[in-house]
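Trainee: Quick one: the structure is below, and I'll ask about it shortly.
The values are calculated or read from the model by the stated rules, or taken from the named source; none is laboratory data. What you see is a predicted model; the values in this text were computed from it and never measured. Please note: Cβ atoms are built from the backbone with ideal geometry, for glycine as well, and neighbour counts cover all protein chains shown. Areas reflect the complete protein model, heavy atoms only, side chains present, ligands, DNA and RNA absent. Shrake-Rupley method; radii C 1.70, N 1.55, O 1.52, S 1.80 Å.
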Amino acid sequence: MLDKPKVLVTRRQFSDQIIRLKEVAEVIYLERPLPPTPEELRNHVLDCSGIFAHITDLIDGGIMDSAGPNLKVIAEFGVGYDNINVKDASYRNIAVANTPGILTDTTADFAFTVLQSAARRIAESDRFVRNGNWKWFDPLDLLGLDIKGSTLGIIGFGRIGRSLAKKALSSGMKVLYFTRSQPNEDYGCFEVESLKDLLKKSDFVSLHCPLTDLTKGLIGKEEFSLMQKHAVFINTARGPIVDTDALTEALINKEISYAALDVTDPEPISSDHKLLSLDNVTILPHIASATVGTRRKMSEMTVDNIIAGLNGEVPPNCVNSDEISR
Ligand code: 8YV
């Protein structure tokens, strides 16, 4: 009998999906909450044909070479796959796949929730009560921003950006967007000519572009200086799209009024980071897609991608199908 191919799963996952994988593969399962160190990753990946990868795993040509010639598929648990060097994978004829679509509404719902919570100073107000500061009703304290009639600027108008736009429009917001690619449908939103234009005109700015060489550091000192003083900045995309030092300064100097972040750079952010000492920022631990239903489906899609890859097929959600041969 032929040996089963090896598959590395780098974090704990839903047990039914591990069982599915075990039917077709010998699974090296790092069933613990902590991500593997780069050295552990290099060791565990040896002889693997597939990798069930997470955002915490930096997978470059070196890791692919540590796996060796059997490696056929790297399947990311998520839509963003900036932790995988796709060029290196294509060069080695390895398929890279992700989980698009399934998390669109969950992530956009979350972005809108975070936007509304920031507008109404929810986290700050909760701290206010817990710290014993709620003495009396004060008509002029903890005043927020209205959603209806405000302008939302969306940077990146892919699936998640467009889903957020629909929610914002139905709540009476005006929506501007800036994108480098051609959107199919804009539902009555307005495309702006430049990022500058969007930053100047928006009351809320929300990031929805992938992290690439082009978008790394896209929002820095100059961009924050263009935003309105009352503007709220939301990042549920990727931390390194924003210059963290510039954001910290902008919040300290009140160049913008508030930031709500589900992603940071570095990630996780250390508990003694300056940002955490500020009252005008909410920081969440990368949970935009974290619902039971969505994470389950993401896990299932990741396993679908791996099984197809092990079978020598192009995985259903392959991002480099044009660059590999099967
Ligand atoms: C994932 C995400 O949970 O899909 C993405 O790009 O950021 C999240 O939905 C995260 O990537 C964990 O691997």
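Trainee: Over 29 Å apart: what share of the alpha carbon pairs of the chain falls there, rounded to a whole percent?
Mentor: So the pairs more than 29 Å apart make up 43 percent of the total in the chain.
Trainee: Now, a different point. If you wrap region 104-283's Cα atoms in a convex hull and average its projection over all directions, what's the area in nm²?
Mentor: The Cα convex hull of region 104-283, projected and averaged over all directions, gives 10.5 nm².
Trainee: Have a look at region 203-319 and give its Rg and Dmax from the Cα atoms, expressed in angstrom.
Mentor: Radius of gyration, then largest Cα-Cα span, for region 203-319: 17.6, 56 Å.
Trainee: Using Cα-Cα distances under 8 Å and only pairs 6 or more residues apart, what relative contact order does region 104-283 have, in percent?
Mentor: 19 percent
Trainee: When the accessible area of the chain is split by element with a 1.4 Å probe, what percent falls to carbon and sulfur?
Mentor: Accessible surface attributable to carbon and sulfur in the chain totals 51 percent.
Trainee: Using r as the Cβ-Cβ distance of D197 and V86, and R0 as 41 Å, what FRET efficiency do you calculate, to the nearest 0.05?
Mentor: E(calc), rounded to 0.05, equals 0.80.
Trainee: Are there trypsin sites (Lys or Arg not before Pro) in region 203-237 that DSSP marks as loop and that have at most 12 other Cβ atoms within 10 Å, and which are they?
Mentor: Here the sparse-neighbourhood loop sites are K229.
Trainee: Rolling a 1.4 Å sphere over the protein heavy atoms, what is the accessible area per residue of region 104-283, to the nearest Å²?
Mentor: That works out to 51 Å² per residue.
Trainee: Could you estimate the translational diffusion coefficient of region 1-140 from the Stokes-Einstein equation, with Rh from the Kirkwood formula over C-alpha pairs, at 4 °C and 1.567 mPa s, in whole µm²/s?
Mentor: Translational diffusion coefficient: 73 µm²/s.
Trainee: Additional query: As a test question: what accessible area, to the nearest 10 Å², does E323 have when a 1.4 Å probe is rolled over all protein chains in place?
Mentor: Here the residue's solvent-accessible area equals roughly 110 Å².
Trainee: Run the helix sum for the chain: -39,500 (n - 2.57) per DSSP H stretch of 4+ residues, divided by residue count, reported at 222 nm to the nearest 500 deg cm²/dmol.
Mentor: -9500 deg cm²/dmol
Trainee: Also, I was wondering about something else. Evaluate 2.2 N^0.38 Å with N set to the residue count of region 59-146, then give the Cα radius of gyration divided by it.
Mentor: Here the answer is 1.91, to two decimals.
Trainee: Further, regarding this structure: Per-residue counts of other Cβ atoms within 10 Å, averaged by peptide: what ranking do you get for 63-69, 148-154, 289-295, highest first?
Mentor: 148-154, 63-69, 289-295
Trainee: Hey, what angle do you get for helix 159-170 against the long axis of the chain, alpha-carbon based, 0 to 90 degrees rounded to 10?
Mentor: 30 degrees
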